[in-house]
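The values are calculated or read from the model by the stated rules, or taken from the named source; none is laboratory data. Nothing here was measured: the structure is a model prediction, and the numbers come from that model. Note: ideal-geometry Cβ built from the backbone for every residue, glycine included; neighbour counts use all protein chains shown.
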Amino acid sequence: MSFKVIKSSFLSTVQDYGRLNHGEHGMSQSGVMDEHAYTWGNHLLHNDFNDAVVEITFGGLVLEAQIDTFIAVTGADLGFKINNQSVQLWHGLQIHKGDIISWDIPKSGVRAYLSVKGGFDTPVLFDSRSVNLREHIGAKLVKGDVLPCKGFDEATYRFIPPKYVPNYNQDLTIRILPTYQFNEFSINQRDLFFNQNYTITNANDRTGCRLSGAPISIKKERMISEGISYGSVEIATDGLPIILLKDTPSIGGYPKIGTVFSLDLAKLAQRQPNTKLRFKLIDIHEAQKERKKFNEFFEISF
Amino acid sequence: MHNIVSAGENAILIYFGDKIDASLPKKIGNFANQLKNTLSDVVIDAIPSYTSLHVSYDLNKISFQAFFDKVEGLLTQQASSGAGIEAQTTHIPVYYGVEVGLDLERLLSEKNLDLASFIEIHTSQEYLVYAIGFSPVFAFLGEVDKRIQTPRLATPRIKIPAGSVGIAESQTAVYPTDSSGGWNIVGRTLLDLSLENPENIDKFRVGDKVKFYSITRDEYLKNGGNL
């Protein structure tokens, strides 16, 4: 009752919505990098919003089904195939025992999500199935690993209206809330921050995304460490932003100019290096309204 | 006085002071508990650190303004009540030897101390847990005696073995697992702080105390220590 790993890849890990309540124990939030694609994948299969999936970064993974069931693959186009035939993304698909499912190389986007009906049943560690390599919680998938899940002969699945399938090749404007030390940056420095095109660099992983551009200056370079929110934008000593993501440590000591709105972080998770990026302000009421609507639609509740 | 700022679409940061102060960790830890108990239906997580408390909440159930007001109300009440959780003291055995204390020899010569004096200084202090972070079960302990304070390494090491005891400026800490890091390593403990033992998750809480004691090379080896 499982999928078996035939060929491992650069980075494929089991993730769910995350380990949200252990920051006080020094743990990262962890969880999927692209909440949009992940949430749609589970939704297409009528899964729970928190069901575990495989997050495949840059492709290269090959799995064999050892069970009859239903899957959906959402997020990046990494050359997904079933038995060597290209198959549509963002769709519920029936899978039979012995089927080989594989991902090749990125055509568009960075991270693909494999959802299975009922979710992957890997061990729950500290209230979550999310793997965090830095914290030695779980491990990345290697050849021979087995991903347990239930079998299904019948299932219904939903469809996604085409307008919700994102285009990952566009430059990005992401919305940011004025938080933390926002008011301690001078108006001139804030103007510089909001009126330039940054570029996504290669230093871009589950921990954070470093941008290149014109540096902004900061009054204090280091401060007393404090709790970090997912999406916080830290200004490093060189004056350049690092957007802190799912595997970022729970506390940190660099000044932060704001916190990016979560649904825009989902878009960022699919942008390849060299993509241009701009920041734009969003206020808390607008952000909460939009996120609440998303949570209600997908029945995300804690 | 308290200062509350937004930390994101579902998080706030409460400042209890603007300077590191030994009276704050207990106060912040107690308030975190009070907050989690009183507003348990909306609080998701509360991360204490030195002078602040980061709180995330369920935006499905409560708006920023309503949550902000509730927290402010609680902070006012808290000012009058001093009760709270009992602090615990953890005793940690350390082998202070050059084979495992990767920076020990350099430190002794820089600080012009012999090994016995160094051990005496590092073990005589009762340290306070100011924050948990960087990685799980990593407790930031202060304050280190001025005579052995030393800045972080300019270039962090790629791999520091689990159990290594480090110093960075006025802080000391134990690395719970193999990790990268820039602290000056002065010894190693055999005390298992990894999450292989899930009970370790609560080993240190902000406001708790830690005391180190020295073990000999023989004791270290007899109990399974590697050099």
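For (1) away from chain A (no Cβ under 13 Å); (2) surrounded by 15 or more Cβ atoms within 10 Å (Cβ to Cβ); (3) under 14 Å from B:GLY101 (Cα atoms), each residue gets a yes or a no:
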{"residue": "B:PRO156", "(1), (2), (3)": "yes, no, no"}
{"residue": "B:GLN171", "(1), (2), (3)": "no, yes, no"}
{"residue": "B:ILE185", "(1), (2), (3)": "yes, yes, yes"}
{"residue": "B:THR189", "(1), (2), (3)": "yes, yes, yes"}
### Message
Between B:ILE148, B:ILE201, B:ILE158, which is closer than 22 Å to A:THR248 by Cα, of a type in the set (Val, Ile, Thr) and in contact (Cβ under 8 Å) with a residue 40 or more places away in the chain?
### Response
B:ILE201
### Summary
Per the filter on the stretch A:24-45, residues more than 20 Å from A:ALA269 (Cα to Cα), away from every other protein chain (no Cβ under 14 Å) and outside any loop (DSSP other than H, G, I, E, B) are A:LEU44
### Task
Would you be able to say whether some residue in the stretch A:272-287 is acidic (Asp, Glu), surrounded by fewer than 17 Cβ atoms within 10 Å (Cβ to Cβ), outside any loop (DSSP other than H, G, I, E, B) and assigned by TED's automatic domain parsing to the domain that holds A:ASN183?
yes
### Message
Scan the stretch B:11-18 and tell me whether some residue there is out of contact with any strand residue (DSSP E or B) (no Cβ under 9 Å at 6 or more places or on another chain) and more than 10 Å from chain A (Cβ to nearest Cβ).
### Response
no
### Message
Go through the stretch A:16-45 and report how many residues are under 9 Å from the mean Cα position of the chain (by Cα) and among the acidic types (Asp, Glu).
### Response
2
### Message
Among the residues of the stretch A:15-23, are any at negative phi and part of a strand (DSSP E or B)?
### Response
yes
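This table checks each residue for (1) buried (at least 18 other Cβ atoms within 10 Å of the Cβ); (2) farther than 14 Å from B:ILE132 by Cα; (3) touching a Cys at 6+ places or on another chain (Cβ under 7 Å).
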site: B:GLY29; (1), (2), (3): yes, no, no
site: B:LYS36; (1), (2), (3): no, yes, no
site: B:ASP41; (1), (2), (3): no, yes, no
site: B:LEU53; (1), (2), (3): yes, no, no
site: B:PHE64; (1), (2), (3): yes, yes, no
site: B:PHE67; (1), (2), (3): yes, yes, no
#### Entry: Residue count, the stretch A:210-241 (criterion: at pLDDT below 95, within 12 Å of another protein chain (Cβ to nearest Cβ) and surrounded by 16 or more Cβ atoms within 10 Å (Cβ to Cβ))
3
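Go through the stretch B:140-215 and tell me which strands (runs of 3 or more DSSP E), entirely inside it, have 1 or more residues that are of a type outside the set (A, V, I, L, M, F, W, C) and within 13 Å of the chain's Cα centre (by Cα).
Numbers: elements: B:157-160, B:164-168, B:171-174, B:179-181, B:184-188, B:209-215.
Because the criterion is at least 1 residues that are of a type outside the set (A, V, I, L, M, F, W, C) and within 13 Å of the chain's Cα centre (by Cα), the strands (runs of 3 or more DSSP E) in the stretch B:140-215 that meet it are B:164-168, B:171-174, B:209-215.
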### Query
Of the residues that make up the stretch B:207-226, is at least one touching a residue at least 40 places away in the same chain (Cβ under 8 Å) and on the phi > 0 side of the Ramachandran plot?
yes
### Query
Which of the residues spanning the stretch A:249-276 are over 30 Å from B:GLY181 (Cβ atoms), in contact with an Asp or Glu (Cβ under 7 Å, 6 or more places away or on another chain) and not small (Gly, Ala, Ser)?
A:PHE261, A:LEU263, A:GLN270, A:THR275, A:LYS276
### Query
Which residue pairs have Cβ atoms under 7 Å apart, sit 6 or more places apart or on different chains, and have a first residue in the stretch A:66-94 that is within 21 Å of A:PRO148 (Cβ to Cβ) and a second that is among the acidic types (Asp, Glu)?
A:ASP68/A:ASP153; A:ILE82/A:ASP99
### Query
facing chain A (nearest Cβ under 8 Å), surrounded by fewer than 20 Cβ atoms within 10 Å (Cβ to Cβ) and under 18 Å from the mean Cα position of the chain (by Cα), is that true of B:ILE47?
no
#### Entry: Residue list for the stretch B:1-26, restricted to those being among the aliphatic types (A, V, I, L, M) and surrounded by fewer than 20 Cβ atoms within 10 Å (Cβ to Cβ)
B:MET1, B:ILE4, B:VAL5, B:ILE20, B:ALA22
#### Entry: Candidate set: the stretch A:46-101, residues that are assigned to a loop (DSSP other than H, G, I, E, B) and of a type in the set (D, E, K, R); chosen: the one nearest to the chain's Cα centre (by Cα)
A:ASP51
### Message
With the structure loaded, tell me whether A:PHE120 is assigned to a loop (DSSP other than H, G, I, E, B), over 23 Å from the mean Cα position of the chain (by Cα) and among the hydrophobic types (A, V, I, L, M, F, W, C) or whether it fails that test.
### Response
no
### Query
Do you know which residues across the stretch B:204-227 are in contact with a strand residue (DSSP E or B) (Cβ under 7 Å, 6 or more places away or on another chain) and either within 30 Å of B:SER23 (Cβ to Cβ) or exposed (fewer than 13 other Cβ atoms within 10 Å of the Cβ) (or both)?
B:PHE204, B:ARG205, B:VAL206, B:GLY207, B:ASP208, B:LYS209, B:VAL210, B:LYS211, B:PHE212, B:TYR213, B:SER214
### Task
Kindly state which strands (runs of 3 or more DSSP E) lie completely within the stretch B:36-121 and contain at least 1 residues that are more than 29 Å from B:GLU169 (Cβ to Cβ).
B:43-49, B:52-57
